[in-house]
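Heads up: the structure comes next, in structure tokens.
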Amino acid sequence: MENSSINVNFEPVENEKDQEAVIEAVLFTIGGAVELRQLAAAIGQDKETAKRAVERLAKRYREETRGMEIKQLEDSYQMCTRSEYYENLIRVAVAPKKQVLSDVVLETLSIIAYRQPVTKMEIEKIRGVKSDHAVNRLVEYDLVYEAGRLDAPGRPALFATTEEFMRRFGVDSLGELPDVDPEQEALIRAEVEEELQLSVEELQKDMEE
């Protein structure tokens, strides 16, 4: 196998502002401590030139009271959060996290939003797979709640969307949801009604036996 290599022949960075910009990019991207020799390599200059550039950058950060500062750690430099802003970072860390909805959960939510109140059996008929996990997740996220029970054998739970759902999706009422294609809606309705009828008949048969 032929050994391929990349020839790196960068032009040295001569402009002082450009040197600072390159060093800033390196420190931000690496995150941890970066040795002075690495900063020198980044700008294509010697270590003394790199040292002057990083110290100019650090001075600018101090004078402009930015949220970050550049600290020297022996022969290395690191971009860090200014200690006076730690409390603000803690506020973010302890704030409730907004849930990210997977495609499966979002699909289930869409069915509930348009067909509510709806049972898990109806949802599973439309999706073609079990939906317990998705429905439970939506209840956990306060996007869906148990709105009652269907007056049918087994009294299955009915699910509907919450006020939190409307806030999250920016609608004031369910009437503001986008319209579903009439043909698709009719197909869904027919499938659900057929499944419900079959399920009721099966339950009645089991009870008679």
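The values are calculated or read from the model by the stated rules, or taken from the named source; none is laboratory data. Bear in mind the structure is a predicted one, so any value in this text is a computation, not a measurement. Here Cβ is always computed from backbone atoms with ideal geometry, including for glycine, and neighbour counts include all displayed protein chains.
Of the helices (runs of 4 or more DSSP H) lying entirely inside the stretch 16-111, those carrying at least 2 residues that are surrounded by 14 or more Cβ atoms within 10 Å (Cβ to Cβ) and either outside the structural domain of THR161 (by TED's automatic domain parsing) or not hydroxyl-bearing (Ser, Thr, Tyr) (or both) are 16-30, 36-43, 47-63.
Looking only at the stretch 128-144, how many residues end up being surrounded by fewer than 16 Cβ atoms within 10 Å (Cβ to Cβ) and either closer than 23 Å to SER173 by Cα or not β-branched (Val, Ile, Thr) (or both)?
Filtering the stretch 128-144 down to residues surrounded by fewer than 16 Cβ atoms within 10 Å (Cβ to Cβ) leaves 128-130, 132-133, 136, 139-140, 142.
Right, trim to either closer than 23 Å to SER173 by Cα or not β-branched (Val, Ile, Thr) (or both) and you get 128, 130, 132-133, 136, 139-140, 142.
Qualifying residue count, the stretch 128-144: 8.
If you filter the stretch 1-13 down to residues that are exposed (fewer than 13 other Cβ atoms within 10 Å of the Cβ) and closer than 13 Å to ALA41 by Cα, you find that the one that is modelled with the highest pLDDT is PRO12.
Would you check which residues across the stretch 146-173 are free of Cβ contacts under 8 Å to residues at least 12 places away in the same chain and part of a strand (DSSP E or B) and list them? Residue satisfying the conditions is ARG149 alone.
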